[in-house]
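In what follows, a structure is listed as structure tokens, so that the remarks can point back to it.
The values are calculated or read from the model by the stated rules, or taken from the named source; none is laboratory data. Quick caveat, the model's predicted, so the values are computed rather than measured. No Cβ is skipped: glycine too gets one built from the backbone with ideal geometry, and neighbour counts run over all protein chains shown. Surface areas here come from the heavy atoms of the whole protein model, side chains and all, with no ligands, DNA or RNA. Shrake-Rupley method; radii C 1.70, N 1.55, O 1.52, S 1.80 Å.
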Amino acid sequence: MTRPLIGITGEMVAAGWGDRVREAVLLPASYAVALQRARCVPVVLPPAPHGAAGLAARLDGLLFSDGGDIDPRRGGGGQPGAAEAGGGGAAEPDGGAGAAVPDLVRDAGEFALMRAAIAARVPVLAIGRGMRVLNAVRGGSVTDRPLPAADGAAMPATSAMSATSAMSADRELRIGPGSRLGRALGPSLRTAAAAWPSRRHQDVDRLGGGLCAVAWTADDAVAAVELTAHPFAIGLAWHPEQGDDLRIFEELRDAAAAGHREAA
């Protein structure tokens with residue numbers, strides 16, 4: 001089987017080479033490694049709001065990576081306004097989703113690419129921030145979650161204990177048995193604490209059109225969504241690339257390979 005070409009969204013950040021500072025496209029290596037282990041060919045994509053349709057048409061699949069907050073005005077959260085124009089943000093790299101200022105350039109590129117992928121029926125796996133992008137382009141919204149004070153102020157003892165427990169404990173997920181995710185992973189899944197970002201600032205709130213929840217945490221928070229009437233469009237709140245279970249990446253590979261054969 002020809003290995004499918006999977007694009008992975010990255011972000012633009014300042015990086016230093018000697019005494020020079022330049023913009024660089026950043027992506028944790030774990031995404032590319034997971035795809036390579038699943039027998040895919042990964043390629044990192046910089047944020048690019050123009051030419052999304054042409055880019056989606058040249059790829060066999062897309063992986064939308066995690067990162068900082070999306071602009072809550074997008075999707076069903078309000079009018080996009082100036083966000084459409086782009087203009088960099090101060091979002092932290094992957095895992096730094098507590099950043100207060102959305103990266104509007106990344107938003108513009110990923111929203112355009114997600115819409116193009118859905119329209120072209122390109123297989124999509126959306127992780128963390130990617131799931132929020134998928135939800136927003138379908139008209140859904142996000143909700144903020146409180147984070148520990150940035151100035152180091154102490155949390156109440158009970159809150160500190162519960163937050164520490166939540167970050168250090170494995171999580172058992174319920175998965176809808178009739179969903180594509182359920183067929184791939186089974187009715188339940190134990191995820192390691194490391195697979196959940198400790199500083200995530202946004203959660204999926206109202207689901208967008210055509211999306212359905214297919215996995216839940218023990219406290220009934222949505223852990224995964226699927227876009228109905230699409231060959232393969234799955235959003236995950238956790239990070240499977242942080243572990244050794246390749247099943248979801250193999251599902252993406254198979255869907256991408258099938259689409260490639262149909263296109264040929």
Taking region 106-138 and keeping only residues that are crowded, with 23+ Cβ neighbours inside 10 Å and in a loop (DSSP other than H, G, I, E, B), one is left with 122, 123, 128
In region 209-225, how many are under 17 Å from residue 170 (Cβ atoms) and either assigned to a strand (DSSP E or B) or among the β-branched types (Val, Ile, Thr) (or both)? 5
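Just checking, which of 46, 28 is under 17 Å from residue 131 (Cβ atoms), at pLDDT 75 or above and open to solvent by 30 Å² or more (accessible area, probe 1.4 Å)?
Numbers: 46 fails: under 17 Å from residue 131 (Cβ atoms).
Being under 17 Å from residue 131 (Cβ atoms), at pLDDT 75 or above and open to solvent by 30 Å² or more (accessible area, probe 1.4 Å) holds for just one of 46, 28, which is 28.
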Restricted to region 139-150 and to residues being at pLDDT below 90 and not in a loop (DSSP other than H, G, I, E, B), the residue nearest to residue 197 (Cα to Cα) is 144
Tally up the residues in region 1-31 that are closer than 25 Å to residue 111 by Cα and touching a Cys at 6+ places or on another chain (Cβ under 9 Å), please. 3
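Within region 9-25, how many residues turn out to be open to solvent by 40 Å² or more (accessible area, probe 1.4 Å), without any contact (Cβ under 8 Å) to a residue 12 or more places away in the chain and of a type in the set (A, V, I, L, M, F, W, C)? Break it down stepwise before answering.
Applying the first criterion (open to solvent by 40 Å² or more (accessible area, probe 1.4 Å)) to region 9-25 yields 12, 14, 16-23, 25.
The next check asks that each one be without any contact (Cβ under 8 Å) to a residue 12 or more places away in the chain; those that pass are 14, 16-23.
Imposing the further condition that a residue be of a type in the set (A, V, I, L, M, F, W, C) reduces the set to 14, 17, 21.
Final tally of qualifying residues: 3.
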Going through region 206-234 in order, the residues found to be free of Cβ contacts under 8 Å to residues at least 40 places away in the same chain, under 20 Å from residue 195 (Cα atoms) and open to solvent by less than 60 Å² (accessible area, probe 1.4 Å) are 213, 214, 221, 222
